[in-house]
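Q: Quick one: the structure is below, and I'll ask about it shortly.
The values are calculated or read from the model by the stated rules, or taken from the named source; none is laboratory data. Predicted model only: the values in this text are computed from it and were never measured. Heads up, the Cβs are rebuilt from the backbone with ideal geometry, glycines too, and the neighbour counts pull from every protein chain shown. The area values use the complete protein model at the heavy-atom level, side chains included, leaving out ligands, DNA and RNA. Shrake-Rupley method; radii C 1.70, N 1.55, O 1.52, S 1.80 Å.
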Amino acid sequence: MSGDRASPPADLGGKAFYMFVGNWVALATLIPMVIAGLMLSFLFIDRAEQDDMADLQRIVGGVARGMDAYLDSNIVIASSVAEAVHLYSGPNPGVSRSLPELIVSQRETVLSITITDAEGAIISASPGGARPASDLPELSRQSPARFSTLRQPAGGDAQLGVTVPIRDAADVYSGAVHLEFSLAPLIALGREIGGQDMDLRLLDAAGHEVALSAHVATSAVPESVLLADRTLSNGFVVSGRRYVQTVELREWNEYAVAACLLLLASMVSWLVAQAVAHRVTKPLAGLARDLADLNLEGGQHQLDVPDDAPREIRALFGEFNALLRRLDLSYGQLRESLEEAKLLRRRMEHVIDERDAIISKRTADLQSRTAQLERANSALQRVAMEDALTGLANRRAFDEFLALVWRLSLREHVPVSLILIDIDCFKSYNDHLGHQAGDDCLRQVAHAMRSLAKRPLDLVARYGGEEFAIVLGRTDLADAADIAQMVRRAVESMRIDHAAGGINGIVTISLGVASMLPDETAEADDLIAMADNNLYAAKDRGRNRVEFEFPTAPES
Ligand SMILES: Nc1nc2c(ncn2[C@@H]2O[C@H](COP(=O)(O)OP(=O)(O)OP(=O)(O)O)[C@@H](O)[C@H]2O)c(=O)[nH]1
């Protein structure tokens, strides 16, 4: 293992990785915060609506109770006047005339009082409050009291009228008391209680509006209206309306507050992200550095686990340390294996050197033996193909050479010639001079012949006993006859003594020559037979001569 150190990966522990972790953590914290904020705001808005409605109902209920009491108090006043009229109509009729003025002057909310008889004629009325009898409501004899909505004075406060019957001692209807009272106190109370975003209305039993404490209805366009009604015991209805401008953010400063809160949440999430990213990336960067600086040749390895790192990072360090221990173990085994391999290699090289020496020696031996064998083989071949006595080709070599030249001549369409030679009267030579001398004679004749036939396709052979043969490839009959004559003269010119019976007292030879143009119908044996016939002809015709026969032209 080399000691090369890799540079730590740029992405791990680098600024980009830090930003990557930070951004994602920031996003992961900001999104839940925004969602939680939205959910809370919806919750609060819903709660605010519920609170507004509860307030409205409470206020409407309170006003209704006040209105009930106020209406009852006016009925009581009117009933008291009717009682007084009934009591004093006989002994002191002046009471009926002075009572309306007295009560109006005493009660601020009572605007006027009118007393009528059983026919509806006015008996008395408070100053300025008397109304024509046609304006007063009809009152049945059974009705204890009746409220009436009277014509509103222009620009004046809203007001109501209540009519109470007057009964005599026999409980007979004898007239009525009409009392008109102002609703201004209640309107002021409604405005005070309802505040700026609420108005309260008083409706009669037919649903007609009697009074209104309006603040907002005419000035702003509400986005939503909350309604609450309460019916009074005498048929009137108190109706409250609450105007809600928006259900969410209503003022620009609320937007600013929301923006600030969002900014604050972003900053908090950014800070959290930075802290998390720092906690995650710092130990990772350290891990990357430690791994890059790691030198496996150094033996035991152990990464320092940062104490302040998150549990997962410490677990990662632990896994790396376990991996390093396994790596160290494997590396040690690898080193041992490498040493063993080196040792083995040295042994192998030694063995190989020894084997190479043996092989070289054996190769040299083999080459030497091969050379010996080749030499022996060529000697054997020579023995197999040579005649031991004369050194010429033997009969076997003659047969193979003639067959070869025959095939060649057949393919090339060239003639092949053969000369058969026999030493004349050699029996008597042997008989008189001995067999050894005969062998010498044979060697001399062979030598004379060998020197005359040396072309590549020429072969001089000992044909058998004292007979010789000369094969002449690519040679026609005329040239073969000339060569035969030269051979004959060469033997003759050696003048080997043969006084016992040779021709002219010397050794001579007889030669038979034949030549053929090989074709599919002829064989080499035909050539031999033809040469043999001519040899016998030379013997018959006196020896020491050459015989050959030109082929006669076919008769036409
Ligand atoms: N010294 C010796 N003599 C041989 C050898 N081979 C054959 N001869 C002898 O050669 C003689 C051949 O004689 P023949 O064939 O009878 O005839 P010739 O006496 O030569 O008479 P023509 O051929 O008719 O002239 C024999 O006596 C053989 O013994 C040999 O290798 N060495």
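Q: Could you name the lysines in cross-link range of residue 454, using Cα to Cα under 21 Å and dropping any fewer than eight places away on the same chain?
A: Output for residue 454: empty list, no partners.
Q: Please enumerate, by chain and number, the lysines with C-alpha under 29 Å from the C-alpha of residue 342, excluding those fewer than 8 residues away in the same chain.
A: Those lysines meeting the cut-off are 361.
Q: Using the alpha-carbon centroid of each, what span in Å lies between the range 422-450 and the range 347-402?
A: Computed from Cα coordinates, the inter-centre distance equals 36 Å.
Q: How much FRET efficiency would the formula 1/(1 + (r/R0)^6) give for residue 184 and residue 233, where r is the Cβ-Cβ distance and R0 is 22 Å, rounded to 0.05?
A: Plugging the Cβ-Cβ distance into 1/(1 + (r/R0)^6) gives 0.50.
Q: From the P(r) of the range 485-540, can you give the percent of Cα pairs sitting at distances over 12 Å? Before the final figure, lay out the partial values.
A: On the way: 1077 of 1540 pairs.
Value for the range 485-540: 70 percent of Cα pairs lie more than 12 Å apart.
Q: Over the range 498-537, calculate the relative contact order: mean separation of alpha carbon pairs under 8 Å at least 6 apart, over the residue count, as a percent. Walk me through the numbers on the way to the answer.
A: On the way: 27 pairs, mean separation 16.7, N = 40.
Computed over the range 498-537, the figure is 42 percent.
Q: Follow-up question, since we're still on this one. From the Cα gyration tensor of the range 386-548, with a ≥ b ≥ c the square roots of its eigenvalues, which class applies: rounded if a/c is under 1.5, or else prolate if a/b is larger than b/c, or else oblate?
A: Details: a/c = 2.17, a/b = 1.75, b/c = 1.24.
The shape class here is prolate.
Q: So, one more: Restricting to Cα pairs below 8 Å that are 6+ residues apart, what does the relative contact order work out to for the range 386-548? Please round to a whole percent.
A: Relative contact order comes out at 30 percent.
Q: If you don't mind, there's one more thing I want to ask. In nm, what is the difference between 0.36 nm times the number of residues separating residue 375 and residue 40 and their Cα-Cα distance?
A: Details: separation 335, 0.36 × 335 = 120.60 nm, distance 11.71 nm.
Computed gain between residue 375 and residue 40 is 108.9 nm.
Q: Measuring with a 1.4 Å probe in the full set of protein chains, what accessible area per residue, in whole Å², belongs to the range 290-329?
A: I get 66 Å² per residue for the range 290-329.
Q: Under the 0.36 nm per residue contour assumption, what length would be gained going from the current alpha-carbon distance of residue 258 and residue 348 to full extension?
A: 23.8 nm
Q: Below 19 Å, Cα to Cα, which aspartates and glutamates can residue 427 reach? Residues fewer than 8 away in the same chain don't count.
A: 439, 440, 466, 467, 492, 497, 540
Q: On the protein heavy atoms, probe 1.4 angstrom, tell me the percent of accessible surface of the range 386-548 carried by carbon and sulfur.
A: Ligands and nucleic acids excluded, carbon and sulfur reach 49 percent.
Q: State, to one decimal in nm, how far the label point of residue 275 lies from the label point of residue 403, with both points 7 Å from Cα in the Cβ direction.
A: 11.3 nm
Q: Between residue 172 and residue 337, what is 0.36 nm times their sequence separation minus the Cα-Cα distance? Round to one decimal in nm.
A: Working it through step by step, the gained length comes to 45.7 nm.
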